[in-house]
Structures are given as structure tokens and as C-alpha cells.
Amino acid sequence: MTTGIIKINPDNFKGEELEEACHILKDGGLVAFPTETVYGLGGDALNPLAASKIYGAKGRPSDNPLIVHIACIDSLYDIAEVTEDGLKLAKAFWPGPLTLVFKKKEIVPPQTTGGLDTVAVRMPCHAVARELIKRSGIYIAAPSANLSGRPSPTQAKHVIEDLDGRIDIIIDGGSPDIGIESTIVDVSGSRAVILRPGYITKDMLKDVLCDVSTDPAIEGIVPQKDIVAKAPGMKYRHYAPKGQLLIVEGSPDRVARKINSLVSEKDTEGYKTAVIATDETKDKYKCNIIKSIGTRKSENSIAASLYNILREMDYMEVQYIYSESFGAGILGGAVMNRMLKAAAGHIIQV
Ligand code: TXA
Ligand code: MG
């Protein structure tokens, strides 16, 4: 299959540029598109064959359910048993980077929900994503548009790397603002539970619902190894660069000293090494490759470049990657959740 590419400026487009992509979606094909979080790999959420194709293209285990993207709150009632908590959160944060899990309605095929009786729903705020859903007239099932196990794509180039020849069209709408996946909250039960941390934080959710808990499997900076995550996708190794990533946490000077000694050790053994630092700390390191992930003054800058930097490590074929920790701040939990998965839990304190 040849994968087509459509370039669109999200700040200035008419909508008709998306006609071909809409036809493909309605015919059961696959279209990668930009959202405010990461690029999604879309197919018709109510067409079991399209859902199956998504798993095939990504190489994703079929028990890992997809998120259904809608363009207006009314659509929620077609596919989900809407709860009071869910509606409150939807009204407060949609359109935006929040996914809500409800009991599903019959119309949603088990292929889309990985066989679960619940369905994850999100209303994105990205102009291109919204127009694509509205114009196609369907609900779009979309996981992140990466091969299973690879970092989520934050540029069309990343989607091409992973899925060229495996899907019909990629809509290139530039870089998403946020750069990490949506927060997922299960509102199907008596108490709202965060299943995946993201840009919408627990405090923001608590401003709307007094009672919000966190799935114990993702609580804390270091994930609990022996508890099974309620979002099936959270149990898989994710966001992984090809090299081995180690996070070093502690005061900036100690971290730099430790990383410099690890780098020197591996360099002597003949391996290719790299350091992930910040604008404020990058001068503390001695390594051939030192990448700044952003400034500690802007957590958003760190979240937005996280996946790109992990992919860059692969382009350069780095074998050992040493990174500072980014656990502090409001978004820290969400960023570190991804970093730790990329590092397969390898973190040391100094
Ligand atoms: O920001 C996002 O959420 C992006 C964009 C494209 O919208 N999508 C995304 O999808 O990150 P994906 O498939 O990479 O991650 C979906 C996560 C998985 O961990 C999956 O297990 C979980 O959502 N999930 C989906 N349906 C669920 C359900 N019914 N119950 C629990 N977890 C669910
Ligand atoms: Mg994903």
C-alpha cells in the first residue's frame, strides 16, 4: 500500500482538504491525524474490520482497547452509558486532552474495546481532528499512531517512520501543543479513577469532582510492579528507545557527577552514549551527545519534546542514554510516568 500525505495548516484551512481522508475513513480505511496530544491512527470506531486493521497496522495486541474520538457531547450518548461524574468532567474539560471510560453501548464492537464492556471516549480540541470527525460523520477510533512499543508520534515524520506503507493517508498538521497522551479517567463506576496521568492533573479533576482516586498501579514516581494496571495499555512496555535508558535522580550536581562517571565508563568500553539534560544543566556534562529537553522554567516544553528526543536517540543509534529526572512540578508525574516506561523502570537515586 502507498501511504498518501496531506499537509494542512491547522490555523488556516477550509476543511475540503480533508475530503479524501473522510472517504477513506467511511470506507473502512486508516488515516493518521494530528491531535493536541499526539498523532492518532484513525479508523471507523463502529466498523469491526476497521478496528481490526488498526491493530494490524500498529502491531498492537488485540486486548489493548482503542479510544473513540467524537466531536460533540451529544455523540457520547450514542456509544456510552453516561454517568453524572463523567458528564461533569466532559463539560469541564472537553474539547481537550481528557479521555473518559464509560460502560459501552451495544453499538460499539468488541474489536474497538479489546473485548471490554467499557469504552474510552475523547473529544479532541485540535482543529484538524475536530473537522475530520465532523466531516466524515463517523466516530474515529484512534490509538497513538506509532508502532506498538515505540514512542508516541509528535510529528508527521514520526508517523511516516513507523507506519509508511501500512496505512492509507497521513495528515501532516505540524506538532501538537501538548506532546504527551491524554489523561484517562474511568468514570464507569461509583468513584472516578485516574488510569493514565496526563496534562489534565488530579488537582484539576478534583476542582470538578471532590472524589478522584488514582489506579494504584500508576501511583507514585516508580510504578508498582506487582499490581496490574486497569488501563490494559499501561501494562505493556511503552515509549521505548532502542538504546538502554537510565534515569538519575537527585541534586543537580550529584546527578551530573554520577552521569559523567557512567558515560566515561561506557565510552571506555566502546559504546555510544548520550545525555538528556535541560537548558539550565546541559553545561555540567561531558559526553559527545548532550541533548536539552527544554527548560525547567516550562514544564510544557519538556513534555512537548520528550518523545522527539527519545526518537532522536534512535536516529543516532545511541546505546546508553542517561537522563535527569523530571518528576517535579504539576506535569512531572505525567512526564515521569512515560520516562520510567521508556527506561523500563531503571532509575537510580544519588
Ligand atoms: O492522547 C491520546 O489519548 C491519544 C490521541 C491519539 O487521542 N491516544 C492514545 O491512544 O494515546 P492509545 O491507544 O495509545 O492509548 C489508549 C490507552 C491504552 O492504555 C488503553 O489500554 C486505554 O487507553 N484504554 C482504552 N480503552 C479503555 C477502557 N475501556 N478501559 C481502560 N483503559 C482503556
Ligand atoms: Mg499509545
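Output the residue which, of all residues in region 23-50 that are small (Gly, Ala, Ser) and over 20 Å from Ser152 (Cα atoms), is nearest to ligand 2 (Cβ to nearest atom). Among them, the one singled out is Ala45. Quick check: anything in region 29-45 of a type in the set (A, V, I, L, M, F, W, C) and surrounded by fewer than 23 Cβ atoms within 10 Å (Cβ to Cβ)? There is no residue in region 29-45 that is of a type in the set (A, V, I, L, M, F, W, C) and surrounded by fewer than 23 Cβ atoms within 10 Å (Cβ to Cβ).
Here Ala217 passes the criteria (1) away from ligand 1 (no atom under 15 Å from the Cβ); (2) in contact with a Leu (Cβ under 9 Å, 6 or more places away or on another chain); (3) in a helix (DSSP H, G or I) except the one numbered (1). Could you list all residues from region 266-291 that are more than 21 Å from the chain's Cα centre (by Cα) and closer than 23 Å to Asp177 by Cα? Answer for region 266-291, where residues must be more than 21 Å from the chain's Cα centre (by Cα) and closer than 23 Å to Asp177 by Cα: Ala277, Thr278, Asp279, Glu280, Lys291. Looking only at region 51-79, residues that are among the basic types (Lys, Arg) and either free of Cβ contacts under 8 Å to residues at least 40 places away in the same chain or away from ligand 2 (no atom under 13 Å from the Cβ) (or both) come to 1 in all. Restricting the first member to region 171-183 and to residues that are closer than 25 Å to Phe13 by Cα and in contact (Cβ under 8 Å) with a residue 40 or more places away in the chain, and the second to residues that are among the acidic types (Asp, Glu) and in a loop (DSSP other than H, G, I, E, B), the beta-carbon pairs closer than 6 Å and six or more apart or on different chains are Pro176/Glu36; Asp177/Glu36; Ile178/Glu36.
Table: residues versus (1) part of a strand (DSSP E or B); (2) more than 23 Å from Asp177 (Cβ to Cβ); (3) modelled with pLDDT of 90 or more.
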{"residue": "Tyr307", "(1), (2), (3)": "no, no, yes"}
{"residue": "Arg311", "(1), (2), (3)": "no, no, yes"}
{"residue": "Asp314", "(1), (2), (3)": "no, yes, yes"}
{"residue": "Glu317", "(1), (2), (3)": "no, yes, yes"}
{"residue": "Ile321", "(1), (2), (3)": "yes, yes, yes"}
{"residue": "Ile330", "(1), (2), (3)": "no, no, no"}
{"residue": "Asn337", "(1), (2), (3)": "no, no, no"}
{"residue": "Lys341", "(1), (2), (3)": "no, no, no"}
{"residue": "Gly345", "(1), (2), (3)": "no, yes, no"}
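When you check Lys282 against the structure, is it touching a strand residue (DSSP E or B) at 6+ places or on another chain (Cβ under 7 Å), closer than 22 Å to Val263 by Cα and among the basic types (Lys, Arg), yes or no? Here the answer is yes, as Lys282 does meet what is asked. A search for C-beta distances below 7 Å between a residue of region 119-144 that is surrounded by fewer than 23 Cβ atoms within 10 Å (Cβ to Cβ) and any residue that is among the small types (Gly, Ala, Ser) and at pLDDT below 95, counting only pairs 6+ apart in sequence or on different chains, returns nothing.
Here is a check on your reading of the model: is Tyr271 touching a residue at least 12 places away in the same chain (Cβ under 8 Å) and buried (at least 19 other Cβ atoms within 10 Å of the Cβ)? The answer is no for Tyr271.
Going through region 238-296 one residue at a time, which ones are among the basic types (Lys, Arg) and under 29 Å from Pro153 (Cα atoms)? If you could, list the steps in order and put the result at the bottom.
Here is the first cut: in region 238-296, the ones among the basic types (Lys, Arg) are 242, 254, 257-258, 266, 272, 282, 284, 286, 291, 296.
Of everything in region 238-296, those that are among the basic types (Lys, Arg) and under 29 Å from Pro153 (Cα atoms) turn out to be Lys242, Lys272, Lys282, Lys291, Arg296.
With respect to Glu106, is the statement that it is in contact (Cβ under 8 Å) with a residue 40 or more places away in the chain and out of contact with any Asp or Glu (no Cβ under 7 Å at 6 or more places or on another chain) true? In short, no. Condition check: under 30 Å from Arg191 (Cβ atoms) and either assigned to a strand (DSSP E or B) or in contact with a strand residue (DSSP E or B) (Cβ under 8 Å, 6 or more places away or on another chain) (or both). Does Thr37 satisfy that? So Thr37 does not fit the description; no.
Residue-by-condition table, conditions (1) more than 18 Å from Leu209 (Cβ to Cβ); (2) aliphatic (A, V, I, L, M); (3) at pLDDT below 95:
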| residue | (1), (2), (3) |
| --- | --- |
| Pro97 | no, no, no |
| Leu100 | no, yes, no |
| Thr112 | yes, no, no |
| Val119 | yes, yes, no |
| Arg122 | no, no, no |
| Cys125 | yes, no, no |
| Glu131 | yes, no, no |
| Ala141 | yes, yes, no |
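Among the conditions (1) away from ligand 2 (no atom under 15 Å from the Cβ); (2) under 26 Å from Lys341 (Cα atoms); (3) not small (Gly, Ala, Ser), Pro110 misses just one, which is (2).
Does region 182-193 include one or more residues that are surrounded by fewer than 17 Cβ atoms within 10 Å (Cβ to Cβ) and either within 16 Å of ligand 2 (Cβ to nearest atom) or under 27 Å from Gly43 (Cα atoms) (or both)?
To start, the set of residues in region 182-193 that are surrounded by fewer than 17 Cβ atoms within 10 Å (Cβ to Cβ) comprises 189-191.
Those left that are additionally either within 16 Å of ligand 2 (Cβ to nearest atom) or under 27 Å from Gly43 (Cα atoms) (or both): none.
No, region 182-193 has no match at all.
Within region 276-297, residues that are surrounded by fewer than 17 Cβ atoms within 10 Å (Cβ to Cβ) have Cβ atoms under 6 Å from residues that are acidic (Asp, Glu) and assigned to a loop (DSSP other than H, G, I, E, B) in these pairs: Thr295/Asp279, counting only partners at least 6 apart in sequence or on another chain.
The values are calculated or read from the model by the stated rules, or taken from the named source; none is laboratory data. Everything quoted here is computed from the prediction, not taken from an experiment. Every residue, glycine as well, gets a Cβ built from its backbone with ideal geometry; the counts of neighbours run over all protein chains shown.
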